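Structure first, commentary second.
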Amino acid sequence: MAGNPFTGISQRRAFKKLVGNSRDRLYRMAYAWTHNPHLADDLVQQTLYKALNNQKQLKDVGAAEAWLFRILSNCLKDYYRAKREVLSAEELIIVNNRTPEYESEEQQLVDKVRRAVSRLPLPQCQVITLVDLEGFTYATVAETLEVPVGTVMSRLCRGRRALREFLVDVRPQSQLDRATTLKRVK
Amino acid sequence: MNKDEHFSEEQLNAFVDGELDPEEKSQLFNESERSAKLDQRLCKQRKIKELVQHAYEDVPPARRLGGTPLARTGLFGKTIAAGFFLAVGLSAGVVAHNYFDPGLRGELVAANAAAEQAVEIENYLLHVVSGKPEQMLAALEQARFLLESTDEDEFRQVEIIANEQGLNLLRTDVTPFAEEISALQRRNVVFYACSKTIQRLEERGVKVELVPYTNPDYTALDRVVTRMQAGWKYEKI
């Protein structure tokens, strides 16, 4: 049915609740995409601000979560566009060479996987994290990122293949730089 | 061709992601029972998925410049009205009691009580971004108008947040409206100075001194989002 599903008072409250409850999940996703807590937090705030201001654009209550993550994705694109650090998302690889103190084997494993994820091109990183962390279906990811389902599947495939390779061949911690950098891959 | 090679990597991904239909899923289950190699491929795919999930179970907290946003505390709606003023009252007592004169402290206590008994009325967050004195004055006059447009038994909260050039409104050395601000504070208008703008100025070597009782603990964006989530009206001036 067409029209804004959050028109009445109770619906508006439901919308605000949805937005409020999504904050931590959006932050986790923004962190997984950027590996930068400060940037992730800024992106989430912008996302919530835009969501609250543009809630009339949401036509289908069932699509609210995908809509929120789409706004988050667009905020990240806007950020990179403003920074002029990339020409397109396809060209982007986020390289996170941060070297947190190793506290435990578990932490080492977590850091190793995060480093591997951060080395993926952003589109692959986004697909993998939306599927694995949010449990989104391929169709929902396609809707969120505004790409065909086939693209979702191929990005997932390449991304997971790359992760397998990264996780087999991880350089020793001492060889890594300390900064988080963005690289253009072309 | 081995049987397991009938299954593409995309199919294996679809299997571990629960995207296969029941028939395909059964077929893959049966084949993996017969083929150790296929079973191993499936395990590898599942392992990658589980590693990613494990790596982001706990992410580092956001390095906020200000305090924890109210949205995370789950305080919405009218609870904010009472809780926020209670927080202001407590902060006033603990942090700045040396500065408060007894009269103002009494007014804050009265405000807390009023907030608790408040009838439902729209609260306002006014956002000042311009450094032009006429814009600043417009914000102050709007706050005054909002307070005066309520009935006696109504209690309206009004907050003013200033950032970018608008921060000049709240800087002691540049504001032309210190007296007006003080008068509004006595009527329970709360002023916020954007923590991010302050940080940027200080990074440029500017010493930022704020008018008394200004809260510097939030970014403007954070304050706008949390107040809008709480149902407040928002006006950018």
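The values are calculated or read from the model by the stated rules, or taken from the named source; none is laboratory data. As the structure is a computational prediction, the values presented were derived from the model and not from experiment. No Cβ is skipped: glycine too gets one built from the backbone with ideal geometry, and neighbour counts run over all protein chains shown.
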Filter result for residue B:71 (within 14 Å of chain A (Cβ to nearest Cβ) and at pLDDT below 90): yes
Filtered residue count, the range A:20-41, keeping only those that are farther than 16 Å from residue A:68 by Cβ and not in a loop (DSSP other than H, G, I, E, B): 4
Boolean, residue B:141 is of a type in the set (Asp, Glu), in a helix (DSSP H, G or I) and surrounded by fewer than 19 Cβ atoms within 10 Å (Cβ to Cβ): yes
Scan of the range B:185-199 for residues that are free of Cβ contacts under 8 Å to residues at least 60 places away in the same chain and within 14 Å of residue B:217 (Cα to Cα), ordered by number: B:191, B:192, B:193, B:194, B:197, B:198
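I need the full set of residues from the range B:210-231 which are assigned to a loop (DSSP other than H, G, I, E, B) and away from chain A (no Cβ under 11 Å), in order please. Quick ask: steps written out before the conclusion?
Kept after step one, since they are assigned to a loop (DSSP other than H, G, I, E, B), are these residues of the range B:210-231: B:211-214, B:216-219, B:230-231.
Matches in the range B:210-231: B:211, B:212, B:213, B:214, B:216, B:217.
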Among the candidates A:27, A:49, residue that is farther than 18 Å from residue A:136 by Cβ and within 9 Å of chain B (Cβ to nearest Cβ): A:49
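A quick yes/no check of all residues on (1) without any contact (Cβ under 8 Å) to a residue 60 or more places away in the chain; (2) surrounded by 18 or more Cβ atoms within 10 Å (Cβ to Cβ):
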{"position": "B:167", "(1), (2)": "yes, yes"}
{"position": "B:173", "(1), (2)": "yes, no"}
{"position": "B:183", "(1), (2)": "yes, no"}
{"position": "B:201", "(1), (2)": "yes, no"}
{"position": "B:213", "(1), (2)": "no, yes"}
{"position": "B:219", "(1), (2)": "no, yes"}
{"position": "B:222", "(1), (2)": "no, yes"}
{"position": "B:232", "(1), (2)": "no, yes"}
{"position": "B:235", "(1), (2)": "no, no"}
Residue ID - nearest to residue B:56 (Cα to Cα), chosen from residues in the range A:130-144 that are surrounded by 21 or more Cβ atoms within 10 Å (Cβ to Cβ) and more than 9 Å from every other protein chain (Cβ to nearest Cβ): A:130
